[in-house]
Amino acid sequence: MTYVLAIPALPALAFAVLAPLSRATRNRLVPLAVAAAGGSLLLSIAAFAAVWPGGYAEEPAYHASFVLARIGETALSLGFQLEPASAVMLLVVTVVGLAVQVYSLGYMHREDRIGWYYAVLSLFTAAMLALVLSDNFLGLFMSWEIMGLCSFLLIGFWHEQEAPRQASMKAFLTTRVGDIGFMLGLAVMFAEVGAFDFATVLYAHEWSAEAATTVALLLLFGAMGKSAQFPLHVWLPDAMAGPTPASALIHAATMVAAGVFLVVRAFPVFEASGVALTVTLVVGLATAILAGLLAAVQHDIKKVLAYSTVSQLGFMFIALGAGNATAGLYHLVTHAYFKSLLFLGAGVIIHAAHTQDMRQMGGLAKRLPTTSIAFGAGALALAGIVPFSGFWSKDEILTVLYHEHQYVALGFALVAVFVTAFYVARLWFRVFTGPTQQAELREGHRSMLVPMVALAAITAVIGFFGPVLGDYLGYKIPWPDPLLAGTSTAVAVAGMVLGWFVYGRTTQVVNTRALKQRYANVYGVLANKLYLDLTYEHFLVRPYIAATHALGRFDAHVVDGAVNGAAKLWVRMSDAGRAFDVTVIDGLVNGTAAVVKAAGARVRALQSGRVRGYQTLVAGAVVLLVIFILVKGA
C-alpha cells in the first residue's frame, strides 16, 4: 500500500513542477495540477476501500515513518498512517479539491497568474492530505503551517488591491496567534511524554488530569485560530477577498477543518482532562450563535457564507465538547460538501451579476436555473431540512447533547438552528426571488456547473449513509429520533418562515427598515461585527504599534547611542594615538634620520679629493693616537 504516500505527493509534485517555471509556461501546464488532483482522488478511493469495513482497528492499515532528528536518545520521526478517520478525510479533501480545480478552469481563465494560483492550490491540497495522514503531532504541525502559508498566498492572490492584501495579513497573523498555543502544547506534550507520535501520546501514556488539561487547552487554542472560533474568528470573513474557488477549499474542506481534525486526533487527551471538553462546548455554543447572528445582517453574499462557516464549525466544536468526536467528524464531512457547493454557487452568481451585494440581486432563479437548483440543495442542507445532508449530521449533534443530558446546551444549539435557517432564507429570497434587478444574466460555464451538480448530488444523498459512516469509524450513528428530529425540523422551518415573512414578501424593504429602526442598538452591534475588530484595533493593534515606535526610539537613542558613542570614543582615542605616533614615534625615527643625514653631510665634506688634506688628517690622527697611548700609559 505504498501508493498511500502518493496521495499527498502528487499535488506536491505538481507544485514543485509549476512553481519554478516562467509565467507563460506555468499557465500552459495548469492541466497538470488538475490531473494530479484527479490522481489523488483515485488513490484516495482505493485507500478508503482498503480500510473497509473500518471499525476499531488496533493497527493502522498502512504505516510508514522515518527518523527526522535525535534529541539525546529520543528519536523524532515523521510518518504516515492510514486508518478509518484519515481515509474518510482523504475522500473529503480530494473530492472537494478536484471540484474546486475543475471549477477554477472557468472561473479563473482570464487571470494572467492562473498558473501560480494552481501551483499554490496544489500545495495547499498536499498539505491537508499530509495532515490527515500524519502519524504524529509534529508532522501534523508542519503540514498545519504550510497550510497557513498557502492560505496567505491564496487570500492575497490579487495583492495589487488593498483589501486582499490586508485580509491575507490579517488571516496570517490571527491564525499565528492560535499557532502559539499549538506550539506551547507540543512543548508541554514532549516534556510530559517525551514523544509526539499518536500511539505513545494518546494510548501508551497515562495522563494526569492537570497535564491533560494544560495540553488540551493549548491545542484547543490552536484549533480555535485555524477553525475560526470565537473570538479568533475575525480573520475568516475578511478572507473572502480572495478568489471564490479558493474560499470554497479553504473554508469548507481544508484549513478551517484542520482545527476540528486536530481536536479529533487529540481527543483522548481532552477526555482525560474533562475541563477541556467543557471549554470546547462553551466555545462552540458561543461561536454557533454569534456567528449566525452576524451572518443575518451581512449584505455581501460571500460574507454570509463565511459567517455561516464559522457558525457550522461551532456546531462541530459543540459535538466535540459533548464528548463525541464521531459526531463532530460527521458534521465536518457533510459540511465540506454542502458549503463548498454554496461557495461555488456564489461564484457563478457573482460572475453573472458582477456584484457581491445581495441588495443588487434578485430574480436569479429564472435566469440561472441550474445554479439555483444546486444552490438550493446546499441551502437546504445548511438549514438542516430533511433529507439533505446537513439535517442528518446536525440532528446527530443534537442527539448527543440530549443523551449526555446537556439540556441547556441543547437549548442554545436549537437557537443556533433557528438563526441558521433564518439567514439561509434571507439569502435565498434576497438573491433568487423577487423582481430581477439586472437584465443581462447568464448561466455559468460548463466547467463551473459540473462540479456544482456533482456536489449537489452528494449533498442530497450522503446523509442516508450516516449509519454506514458510523460503523466505518467504529461508532454507531443511529437513525434520527422522531421526537428530537421533529423538534429540530420545526425550529428550522420556523426560522425559514420568519425569513420569508421579513424578506420574501414584496414589502420586504419597508419591513427591514422598520426592524432596523426598532432594534437600532442591536442591529448596530451586529452590523459592526460585535465591535471585535475595533476592540482588537484599540487594545491590541494600536498598543502594539505604539510599543514598536517606543522600541524604535529606544533603539535609535539608547542602543544606537551607546554604539555610536563607543565609536566616537574610539575615534577620539585613535586621534590621540595618531598624534602620539606622529609626534613621538615618527619624530624619533625622523630625528635619527636627520642626525645621520647631517653627520653624513659633515663627513662627506672631508672627502675633498686633495692629497694635502688627506695627509693633514692622517697626521692629526697619529697625534691623537700618541696622546691616547701616553695618557693610557700614565
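The values are calculated or read from the model by the stated rules, or taken from the named source; none is laboratory data. Predicted model only: the values in this text are computed from it and were never measured. Cβ: placed from backbone, ideal geometry, glycine included. Neighbour counts: every protein chain shown. Ligands, DNA and RNA are excluded from the accessible area calculation, which covers all protein heavy atoms including side chains. Shrake-Rupley method; radii C 1.70, N 1.55, O 1.52, S 1.80 Å.
Could you look through the range 6-24, keep only residues that are in contact with a helix residue (DSSP H, G or I) (Cβ under 8 Å, 6 or more places away or on another chain) and outside any helix (DSSP H, G or I), and pick out the one that is farthest from G97 (Cα to Cα)?
Filtering first and then ranking leaves L21.
Being farther than 19 Å from V419 by Cβ and assigned to a loop (DSSP other than H, G, I, E, B) is the filter; apply it to the range 477-523 and report the residue that is modelled with the lowest pLDDT.
Restricting to residues being farther than 19 Å from V419 by Cβ and assigned to a loop (DSSP other than H, G, I, E, B), the top hit is T507.
Return the residue satisfying two criteria in turn: it lies in the range 112-136 and is outside any helix (DSSP H, G or I) and in contact (Cβ under 8 Å) with a residue 60 or more places away in the chain, and of such residues it is farthest from the chain's Cα centre (by Cα).
Only one residue tops the list, namely D112.
Going residue by residue through the range 410-420, is there one that turns out to be assigned to a helix (DSSP H, G or I), buried (at least 24 other Cβ atoms within 10 Å of the Cβ) and aromatic (F, W, Y)?
No, that holds for no residue.
Does the range 210-230 hold any residues that are in contact (Cβ under 8 Å) with a residue 60 or more places away in the chain and either touching a Lys or Arg at 6+ places or on another chain (Cβ under 6 Å) or open to solvent by 50 Å² or more (accessible area, probe 1.4 Å) (or both), and which are they?
Answer for the range 210-230, where residues must be in contact (Cβ under 8 Å) with a residue 60 or more places away in the chain and either touching a Lys or Arg at 6+ places or on another chain (Cβ under 6 Å) or open to solvent by 50 Å² or more (accessible area, probe 1.4 Å) (or both): L217, F230.
If you go through the range 265-278 one residue at a time, do you hit one that is under 21 Å from V417 (Cα atoms), touching a residue at least 60 places away in the same chain (Cβ under 8 Å), crowded, with 21+ Cβ neighbours inside 10 Å and among the aliphatic types (A, V, I, L, M)?
Looking through the range 265-278, none of the residues is under 21 Å from V417 (Cα atoms), touching a residue at least 60 places away in the same chain (Cβ under 8 Å), crowded, with 21+ Cβ neighbours inside 10 Å and among the aliphatic types (A, V, I, L, M).
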